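Peer 1: Below is one structure. I have some questions about it.
The values are calculated or read from the model by the stated rules, or taken from the named source; none is laboratory data. Just so it is clear, the model here is predicted, and its values are computed rather than measured. Glycine gets a Cβ as well: all are built from the backbone with ideal geometry, and neighbour counts include every protein chain shown. To get the accessible areas, we keep the full protein, side chains included, count just its heavy atoms, and leave off ligands, DNA and RNA. Shrake-Rupley method; radii C 1.70, N 1.55, O 1.52, S 1.80 Å.
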Amino acid sequence: MIIEKGSVIAIQHGQPLDTKIFAGGIGSHKAEGFGQVMINPSFLLSTGIKLSLVLTKVKKQIEALAPAEVGVPSAQDTFLLNYLEQQKTQKSGIFSLSERVNEFVSKHGRDFQGISPSQWGTIRAYAKHAANWDVLKKLLFNKDIGALYRGQSESDWRQNGRREKLSDFLATIKDTDRLAFTLKLAAEMAKRKQSKEPA
């Protein structure tokens, strides 16, 4: 059973219960008002409404939501299954990108020592705001306007063929994943301890 925030659940129990156990509430987020337990509340014991009637009504509603035949998914089931499938695909995509980032770090991590976290931060900012890979490619690798070909950091990126190594590795990433990969890679490389190489 899944209990969401704000749910109200009625249970008919045949045994007497010790009300002190539930006095402070149960579960998490009690300070926010969740987890309150009422035993034999007066509104359910009143002459106008009976607990058995409430439970019968709830049971009928649940049965109405159930699929007509076993094995035939209802609209709700299909929606939930599609959602879970999307989540699985998304998670596996994120995992796959993380694997590729680790691959880059293990193959080329030493080659990029001397590139400062702020330089990786600049790449991350470009990737975050670029509309698509073609735009990002121009912003980074264009020989006239690319960030890796101008400014004070240009010589850092020129050393050891770093621009080419980064560009070549990005070419191995699926087109649709390159922006996300560049974001993850730049964030990961910025976290790594950097040391300037001797000139």
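Peer 1: Answer with yes or no whether GLU188 is open to solvent by 50 Å² or more (accessible area, probe 1.4 Å), under 15 Å from TRP120 (Cα atoms), part of a helix (DSSP H, G or I) and at pLDDT 90 or above.
Peer 2: Yes: the conditions hold for GLU188.
Peer 1: Out of LEU136, LEU183, report the one residue that is touching a residue at least 24 places away in the same chain (Cβ under 8 Å) and open to solvent by less than 30 Å² (accessible area, probe 1.4 Å).
Peer 2: After ruling out the rest, the residue left standing is LEU136.
Peer 1: Of the conditions (1) open to solvent by 60 Å² or more (accessible area, probe 1.4 Å); (2) at pLDDT 90 or above; (3) closer than 20 Å to LEU179 by Cβ; (4) polar (S, T, N, Q), GLN86 satisfies every one except a single condition; which number is it?
Peer 2: (2)
Peer 1: Right, here's the next one. Filter segment 5-42 down to the residues that are exposed (fewer than 10 other Cβ atoms within 10 Å of the Cβ) and outside any loop (DSSP other than H, G, I, E, B), then identify the one that is farthest from the chain's Cα centre (by Cα).
Peer 2: Among those residues, the one meeting the criterion is SER42.
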